[in-house]
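The values are calculated or read from the model by the stated rules, or taken from the named source; none is laboratory data. Only a predicted model underlies this, so the values are computations on that prediction, with no experimental measurement involved. Please note: Cβ atoms are built from the backbone with ideal geometry, for glycine as well, and neighbour counts cover all protein chains shown.
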Amino acid sequence: MVHEIPVKVVASNRRASFDYHLEDRYEAGLVLTGAEIKSVRAGKLDLRDAFVVVRNGEAWLLNMHIAPYAMATGFSKPTNERRERKLLLHRKEIGELARGIDQKGYTVVPTRVYLKRGRAKVEIALAKGKRQYDKRQAIAKRDAQREIERAGRERI
């Protein structure tokens with residue numbers, strides 16, 4: 001019998017699946033300070049504008065906002081809420097991400113942040129940007145599905 005490791009989803013980037021075609025997904029560890037992990041556990045973070053870059057063989061998460069922890073004092077108090085945070089990935093995974101980013105129209109976006117065995121993890125996805133007409137098709141498909149469900153409920 002396989003035991004599932006429980007995860008607590010802290011934040012998710014629902015907008016990413018609307019703006020991008022999400023392809024390959026990776027689980028990465030997140031390097032945080034003591035005050036930042038407290039804020040993450042409290043769910044005080046925002047992934048909306050965040051993205052990943054690969055520099056010098058290391059993956060960095062940029063523009064993720066973590067609100068300052070109110071009870072933090074002294075050295076652990078963060079000075080920049082949107083600072084660059086290092087991602088912990090295997091060298092092979094970083095290479096795959098770097099090759100993906102080099103292709104035209106591709107980027108790496110975080111899709112969710114969760115706690116697994118007490119550690120903060122971020123799920124990142126190699127993503128290709130959607131065109132405007134793709135977004136309109138997704139909206140039309142969702143509306144049609146909603147109409148079908150509404151009609152099914154009215155018949156009962």
> Which of (1) out of contact with any Lys or Arg (no Cβ under 8 Å at 6 or more places or on another chain); (2) over 21 Å from R25 (Cβ atoms); (3) modelled with pLDDT of 90 or more; (4) of a type in the set (V, I, T) is the odd one out, the single condition I66 does not satisfy?
Replying inline: (1)
>> Test of understanding: among A67, A50, A35, which residue is of a type in the set (A, V, I, L, M), more than 20 Å from V108 (Cβ to Cβ) and in contact (Cβ under 8 Å) with a residue 40 or more places away in the chain?
In response: A35
> For residues in region 112-146 being touching a strand residue (DSSP E or B) at 6+ places or on another chain (Cβ under 7 Å) and farther than 19 Å from L45 by Cα, which is surrounded by the fewest Cβ atoms within 10 Å (Cβ to Cβ)?
Replying inline: G129
> If I148 passes every condition in (1) free of Cβ contacts under 8 Å to residues at least 12 places away in the same chain; (2) within 22 Å of E23 (Cα to Cα); (3) among the β-branched types (V, I, T) but one, which one does it miss?
Replying inline: (2)
> in contact with a helix residue (DSSP H, G or I) (Cβ under 7 Å, 6 or more places away or on another chain) and more than 23 Å from R131 (Cβ to Cβ): does that describe Y26?
Replying inline: yes
>> Here are the criteria: (1) within 23 Å of R117 (Cα to Cα); (2) within 16 Å of the chain's Cα centre (by Cα); (3) without any contact (Cβ under 8 Å) to a residue 60 or more places away in the chain. Tell me which single one V10 does not satisfy.
In response: (3)
> Across region 1-24, what is the number of residues that are surrounded by 14 or more Cβ atoms within 10 Å (Cβ to Cβ) and either assigned to a loop (DSSP other than H, G, I, E, B) or of a type in the set (K, R) (or both)?
Replying inline: 1
>> Regarding region 88-110, can at least one residue be identified that is of a type in the set (D, E, K, R), farther than 14 Å from R55 by Cα and surrounded by 15 or more Cβ atoms within 10 Å (Cβ to Cβ)?
In response: no
> For region 38-50, does any single residue satisfy the condition of being over 27 Å from I5 (Cβ atoms), of a type in the set (D, E, K, R), surrounded by fewer than 18 Cβ atoms within 10 Å (Cβ to Cβ) and under 13 Å from the mean Cα position of the chain (by Cα)?
Replying inline: yes
> Can we say E27 is under 17 Å from K116 (Cα atoms), in contact (Cβ under 8 Å) with a residue 24 or more places away in the chain and not in a helix (DSSP H, G or I)?
Replying inline: yes
